[in-house]
1. Looking at 185, 233, which one is closer than 19 Å to residue 40 by Cα, assigned to a helix (DSSP H, G or I) and modelled with pLDDT under 80?
2. Looking at the structure I just gave you, is residue 206 out of contact with any helix residue (DSSP H, G or I) (no Cβ under 9 Å at 6 or more places or on another chain) and modelled with pLDDT under 85?
3. Go through the range 156-182 and give me each residue that's farther than 18 Å from residue 56 by Cα and in a helix (DSSP H, G or I).
4. Kindly check whether there is at least one residue in the range 35-44 that is over 14 Å from the mean Cα position of the chain (by Cα), crowded, with 22+ Cβ neighbours inside 10 Å and not in a helix (DSSP H, G or I).
5. Among the residues of the range 152-171, are any within 10 Å of the chain's Cα centre (by Cα) and in contact (Cβ under 8 Å) with a residue 60 or more places away in the chain?
């Protein structure tokens with residue numbers, strides 16, 4: 001029994017990189033800082049899964065705690081099927097970093113309460129936090145939420161740049177959100193998703209010595225999968 005458990009854990013964490021784990025944790029904490037200090041103050045909405053949760057809550061009364069759980073689970077399941085087990089490990093670390101950081105931040109007052117009266121500045125700052133935070137998490141191989149998991153999966157499936165996938169999903173949700181959000185406020189949200197999507201795409205292509213590109217990660221993962229299967233066959 002224990003030997004099977006040991007083999008399972010070894011195969012699960014065989015190709016997990018410490019640098020990717022650290023980037024996933026701290027980048028998601030950076031994202032949590034932005035959402036707490038900027039988005040929550042300015043009330044600039046988002047597209048994707050988060051925007052859809054707010055839309056459903058407004059029109060149906062369905063709690064985001066329910067809709068978010070269902071949509072995130074579906075997106076993570078798709079990501080696991082298309083991106084492999086390392087995706088689940090890095091995503092779990094990202095989610096832990098985000099939740100832990102946000103919980104700590106809630107113990108302190110907000111730094112910039114005046115952002116509620118400066119939506120343009122809030123939109124730009126919010127895009128920077130989301131673009132860099134989520135972008136580094138995605139580059140490391142994980143997702144902080146259903147939005148990232150869906151974008152990563154569809155990018156792999158369609159072979160389209162990830163910023164296009166983010167933009168398409170965000171525009172669809174923001175268009176639907178026009179049914180209850182004032183157009184002026186929606187315009188600032190559109191600016192945020194446009195900038196953050198482009199930043200995420202830039203982070204995916206930027207030469208970072210501590211993180212391989214998506215193509216390099218996929219090649220390495222395929223190589224590791226072959227070695228793992230060979231080791232399992234040899235043990236049998």
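The values are calculated or read from the model by the stated rules, or taken from the named source; none is laboratory data. Being a predicted model, the structure only gives us computed values, none of them experimental. We place every Cβ from the backbone using ideal geometry, glycine too, and count neighbours over all the protein chains shown.
1. The match here is 185.
2. Values: out of contact with any helix residue (DSSP H, G or I) (no Cβ under 9 Å at 6 or more places or on another chain): no; modelled with pLDDT under 85: yes.
Answer is no for this residue.
3. Filtering the range 156-182 down to residues farther than 18 Å from residue 56 by Cα leaves 156-168.
Matches in the range 156-182: 156, 157, 158, 162, 163, 164, 165, 166, 167, 168.
4. Let us first name the residues in the range 35-44 that are over 14 Å from the mean Cα position of the chain (by Cα), namely 36-44.
Going one step further and asking which of them are crowded, with 22+ Cβ neighbours inside 10 Å, we end up with 38-39, 42, 44.
In the following step, the residues that additionally are not in a helix (DSSP H, G or I) were identified as 44.
The answer is yes, given that some residue of the range 35-44 is over 14 Å from the mean Cα position of the chain (by Cα), crowded, with 22+ Cβ neighbours inside 10 Å and not in a helix (DSSP H, G or I).
5. Yes.
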